[in-house]
Amino acid sequence: MKFWFTLFCVLCTSTLAWAVDLPNNTSLTQKMWQSLENPESSDISPQERDILGATLALKQNDPEKALQILNSPNTQNDPLANLLKAEAYRRAALKAVSSVGDYAKHSKLSTQQFAAIDLSDDLSEATVRLQAFADKVDGTEGFPFDVLKANSDIQSIFIVDKSRSRMFVYQRDAQGEFQRVADEYVVTGAKGGDKKTRGDARTPNGIYRFTAVRHDPALRAKYGPVVFPIDYPNMLDRYHGKTGDGIWMHGYPENKLRRPPQDTRGCFALPNPNLKKMEAYVTPKKSLVLIGNNFSFGDTEKQQALLNSVQNSIQTWIQDWQSLDSDAYLSHYHEKFRSGKYNLKRWKSYKKRVNARKSFIEVQLNNINIIHDPNQWPEGEVVMVEFTQKYRSSNYSDTGAKRLYLARDHADQAWKILIEESL
């Protein structure tokens, strides 16, 4: 005990003490203990099981139980387990010193010293892992709400939830249906919030794709065995003046086993063994990456209503385009619309001039993706719509890929085209 007292006096730096932020839910806690105490109830490794159990015991302010769990050989060389053990000893010592009462004249000072120790930054990973376990035991399941429609080109979907510090991965099975294949602890930018400028240490929010799989020996020591760049900044990012590039999914520096939830310069990172597993699910250009906070899952009824609203707006846009009624067609564009060099005023002038020379227009859309952006933008709610467009008119024909970003301020408003780009 004298050793731990000395250690904690050295570490004293703050008046805050670490705590796990979980709902005060006795039923959920019981379910978590039942799952942890039944090795056949989940696919958690013995090492992770002990870390989760010790964290849960500390959440219940039972340091003795935490120490009993951590005495397992499964966790002897794990730095996070050792930090949990230090916290358990601190709490046990605080209980012991507090029980002395007036017997020792320095007990009040000792109690203040023990209570002042703050390991919260180092133990934040334990908080995230326990919260993830709680979500698995009693959380929402199902498909990501924001993926409204994905065409056959999309092979996998990565959901990076910064608020949970978790990454959910979905891969198509043999029948073409998406199945959740991974739920990983992920480290994101050291600064919270959406990325705005180069070097701000924030992970961007938005809808992206992996662009490559890179095995570069020069990167291995710092970023792990493989890195996966994403296509940040996309057109919506550039529209809003966001800068910077080089956002990757990567690993940890060599010989580093643990990292706190917010610890990168803007990328998102996984432990190296887990990162290597992700390579099986990444197909450049065909793997979606959605980054944001507090993603929703399931709620198929609400999801279908949202999908219908977008599809109706797109269908009406096509019908008005084919009608050669330029005013009706152009009413589908947002007042802040941009497409390359065009703003709304120039776009209206251009389209009216083009349509005036035609006797008919036919437009057909195929291979449609409709992805709801999980983040709020200055223009409100945003969806990304991608498709192959087959266009034929009295004097011109063309087939090509196109991407639209549509926005609306409120759920009862029509979607308006904010950005239109050819791919």
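Bear in mind that the values in this text are calculations on the coordinates, not laboratory data. Predicted, not measured: the structure shown is a model, and the values here were computed from it. Virtual Cβ from ideal backbone geometry, glycine too; neighbours counted across all protein chains shown.
Determine the gain in length on full extension of the stretch GLU37-SER359; use 0.36 nm per residue of separation and subtract their C-alpha separation, reporting nm with one decimal.
This chain segment gains 108.6 nm when fully extended.
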Practice item. List the aspartates and glutamates whose Cα lies under 13 Å from the Cα of LYS390, skipping any in the same chain that are fewer than 8 positions away. Key: GLU362, ASP398
Exercise for review: Could you line up ASP263, ASP245, ASP299 from fewest to most neighbouring Cβ atoms inside 10 Å?
Suggested key: ASP245, ASP299, ASP263
Practice item. Kindly list the residues of segment 172-211 that lie in the label zone of LYS136, defined by a backbone N under 12 Å from the point 7 Å along the Cα-to-C-beta vector. Key: 182-185
Exercise for review: Can you tell me the relative contact order of the chain? Whole percent, Cα pairs under 8 Å, sequence separation 6 or more.
Suggested key: 14
Check your understanding: Whose amide H sits under 5 Å from the amide H of HIS334, counting only residues 5 or more places off or on another chain, with H placed in the peptide plane?
Key -> ILE417, LEU418
**Study point:** Charge context of TYR232, other residues only, Cβ under 9 angstrom, K/R +1, D/E -1
**Key:** -1
Exercise for review: Evaluate E = 1/(1 + (r/R0)^6) for SER152 and LYS256, where r is the Cβ-Cβ distance and R0 equals 30 Å; express this FRET efficiency to the nearest 0.05.
Suggested key: 0.15
Point to revise | Of the DSSP H helices in the chain, those whose Cα atoms cover at least 24 Å axially and whose Kyte score averages -1.0 or more | key: 79-100, 120-138, 300-322
Review point. So what's the back-of-envelope 222 nm ellipticity for the chain, counting only DSSP H runs of four-plus at -39500 (n - 2.57) apiece and dividing by all residues, rounded to 500?
Key: -11500 deg cm²/dmol
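Using the 10 angstrom Cβ neighbour count as an exposure proxy, how do THR55, THR197, THR127 rank, fewest first?
Going from sparsest to densest Cβ surroundings: THR197, THR127, THR55.
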Point to revise | Two-site label geometry, LYS341 and ALA305: point separation in nm, points 7 Å out along Cα→Cβ | key: 4.5
Practice item. Please arrange TRP347, TRP415 by counting, for each residue, the other beta carbons lying within 10 Å of its beta carbon, fewest first. Key: TRP347, TRP415
Review point. Are there trypsin sites (Lys or Arg not before Pro) in segment 316-383 that DSSP puts in a loop and that have at most 10 other Cβ atoms within 10 Å, and which ones?
Key: LYS341, ARG357
Check your understanding: According to a simple spin-label model (label point 7 Å from Cα along Cα-to-Cβ), what is the distance in nm between ALA280 and ALA218?
Key -> 3.2
Revision key, fill the gap. antiparallel share of DSSP beta bridges within the chain, to nearest 5, in %, is 80
